[in-house]
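Worksheet for the structure shown next.
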Amino acid sequence: MTEILPGSPCWAQLSSPDLEASKAFYGGLFGWQATTDPDPQYGGYTTFTLDGAATAAVAPLMNPQQPVMWLTSLSVTDADAAASRAKDAGAQVWMGPMDVGPLGRWALLSDPTGAPVAIWQARQFAGFGVLDEPNSFGWIDLSTRDVPGALTFYQSVFGWQVWPNDIYPMVGLADRMFGGVMDMGDNFPPEVPAHFTSFFRVADVDATAGKVRELGGEVLHGPLDVEMENGPRLAVLRDPQGAVFGAFAPR
């Protein structure tokens, strides 16, 4: 278990149009076990575990317009105060803050550049039970058309540290990096909004990419070595339901 600091990623949740297919895909890819909450109020919410430790979750789409995607949650000590700070800093608050039973308090935002992100105030459930180990969450990548604006927002609202870089500034807390910010530029069609991509650490990126194809997904980018000091090997992938995520391994 790696400590989850206030302001850092604490959970990754997939919205899927086919719960059973997603359970089979990620179980086959990462060896995750799936446990669906039997309480009807949670609508089929399913937690993935790795050797008994919580790694991520998948939930059915709440409406047909909801995008199929991985959503990152950031840990906060007070969801109401954090949502208020985010709104004052230019974010849009779409849902909440609301209690999720006795587990915690949650809200859904989009940052001032348009990227969806959630906040989570832990009560009975803190989030990840394992981090930065093979087949678990390890990195967030924010793609945006306003890198300075995004960095200012996350610094002011969540206290992120920034390691400046002209191409790919990295972010974290307590001198530990957990993500980076990329300028979308002309690499994305204009209709594609700003977004986070969840990256999962794996033992072998090439083998993971091959397994994604075998299980019916796609390899969108890579595998390739990032050409920077201590850069990892990575690939950007898409599951059979359409959700984009990444895999990486330190070199």
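The values are calculated or read from the model by the stated rules, or taken from the named source; none is laboratory data. Since we're looking at a predicted model, the values are computed, not measured. When we count neighbours, we look across all protein chains shown, and the Cβ atoms used for this are built from the backbone with ideal geometry, even at glycine. Accessible surface is based on the protein model in full, side chains and every heavy atom, while ligands, DNA and RNA are left aside. Shrake-Rupley method; radii C 1.70, N 1.55, O 1.52, S 1.80 Å.
In this structure, is Ala203 surrounded by fewer than 18 Cβ atoms within 10 Å (Cβ to Cβ), hydrophobic (A, V, I, L, M, F, W, C) and either over 18 Å from the mean Cα position of the chain (by Cα) or assigned to a helix (DSSP H, G or I) (or both)?
yes
Return only the number of the condition from (1) polar (S, T, N, Q); (2) closer than 20 Å to Gly185 by Cα; (3) surrounded by 22 or more Cβ atoms within 10 Å (Cβ to Cβ) that Thr152 does not satisfy.
(3)
Can you tell me which residues in region 212-237 are part of a strand (DSSP E or B) and acidic (Asp, Glu)?
The answer is Glu218, Asp225.
In region 1-116, which strands (runs of 3 or more DSSP E) lie fully inside it and hold 2 or more residues that are open to solvent by less than 30 Å² (accessible area, probe 1.4 Å), in contact (Cβ under 8 Å) with a residue 60 or more places away in the chain and within 24 Å of Gly149 (Cα to Cα)?
9-16, 69-76
Within region 134-142, is even one residue surrounded by fewer than 17 Cβ atoms within 10 Å (Cβ to Cβ) and within 22 Å of Arg233 (Cβ to Cβ)?
yes
Out of all the residues in region 161-171, is one or more assigned to a strand (DSSP E or B), touching a residue at least 60 places away in the same chain (Cβ under 8 Å) and of a type outside the set (Val, Ile, Thr)?
No, region 161-171 contains no residue that is assigned to a strand (DSSP E or B), touching a residue at least 60 places away in the same chain (Cβ under 8 Å) and of a type outside the set (Val, Ile, Thr).
Select from region 215-240 the residues that are surrounded by fewer than 18 Cβ atoms within 10 Å (Cβ to Cβ) and touching a residue at least 40 places away in the same chain (Cβ under 8 Å) and write down the one among them that is farthest from Ser15 (Cα to Cα).
Among them, the one singled out is Met228.
I'd like to check something: does region 243-250 contain any residue that is among the aliphatic types (A, V, I, L, M), open to solvent by 40 Å² or more (accessible area, probe 1.4 Å) and more than 18 Å from Phe137 (Cβ to Cβ)?
The answer is no; no qualifying residue exists.
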